[in-house]
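Encoded as structure tokens, the structure appears first; notes follow it.
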Amino acid sequence: MKIEMRLGVISLLCKVFLCGLAEESPCTPGLESELLVFKVHRDHLYKGTTLGRVNFKTCNGRTRILFQSADNRFDVDMDGTVTLKRSLTFHEGYEVFSVHAWDANGKKHTVSIRVEFVHHRKGHHVDTAMNISSPQNETGQDPHAVRAQTWTFEE
């Protein structure tokens, strides 16, 4: 009787343990967003101005990633900080460029960045995060949804 009970407890623990493992998904390296919007309150920005940060999930604890800007006016440090390499004036109110990063397996990941000039109104709060909606699956989440983050910087 004791042996049967112990086997039953062991069997139950194995089922709970295995189900718990099955529910966890493995870490997938990549960018946290596919689109970033950095909002600035000046139509002219100077060399060295920090615009925001690109976040990359490595799954292995690394905090320094090789990033490459597709636009030579922008620099991206190994921690993901995006800065201006030279002064920039917004003639159309925004600039768009891409940043690339590579995971440990050599897979290239790309994020689009939009730097927008917005007129700052006194007492007006600008949201610092937004989501772009897309169709959802049966769980209410779309694993392929385009996610966006908005950053607002004031000097």
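The values are calculated or read from the model by the stated rules, or taken from the named source; none is laboratory data. Note that the structure is predicted; figures quoted are calculated from it, not measured. In this analysis, Cβ positions are derived from the backbone assuming ideal geometry, glycine residues included, and neighbour counts consider all displayed protein chains.
Odds and ends about this structure:
- Of the numbered criteria (1) assigned to a loop (DSSP other than H, G, I, E, B); (2) surrounded by 16 or more Cβ atoms within 10 Å (Cβ to Cβ); (3) not aromatic (Phe, Trp, Tyr), the one Leu51 fails is (1).
- Filtering segment 74-123 to residues that are among the polar types (S, T, N, Q) and closer than 20 Å to Val54 by Cβ leaves Thr81, Thr83, Ser98, Asn105, Thr110, Ser112.
- Unmet criterion (only one of (1) in a strand (DSSP E or B); (2) in contact with a His (Cβ under 9 Å, 6 or more places away or on another chain); (3) modelled with pLDDT under 95) for Met130: (2)
- Which numbered condition Ile113 fails, given (1) on the phi < 0 side of the Ramachandran plot; (2) at pLDDT below 95: (2)
- The residues of segment 85-115 that are in contact (Cβ under 8 Å) with a residue 40 or more places away in the chain and surrounded by 15 or more Cβ atoms within 10 Å (Cβ to Cβ), listed by number, are Leu88, Phe90, Val99, Ala101, Asp103, His109, Val111, Ser112, Ile113, Arg114, Val115.
- Identity of the residue in segment 54-69, surrounded by 12 or more Cβ atoms within 10 Å (Cβ to Cβ) and either β-branched (Val, Ile, Thr) or assigned to a loop (DSSP other than H, G, I, E, B) (or both), that ends up modelled with the lowest pLDDT: Arg62
- Search result, residues across segment 84-103 that are among the β-branched types (Val, Ile, Thr) and either in a loop (DSSP other than H, G, I, E, B) or under 17 Å from the mean Cα position of the chain (by Cα) (or both): Val96, Val99
- Within segment 18-30, none of the residues are out of contact with any Ser or Thr (no Cβ under 9 Å at 6 or more places or on another chain), among the hydroxyl-bearing types (Ser, Thr, Tyr), farther than 25 Å from Thr110 by Cβ and modelled with pLDDT under 85.
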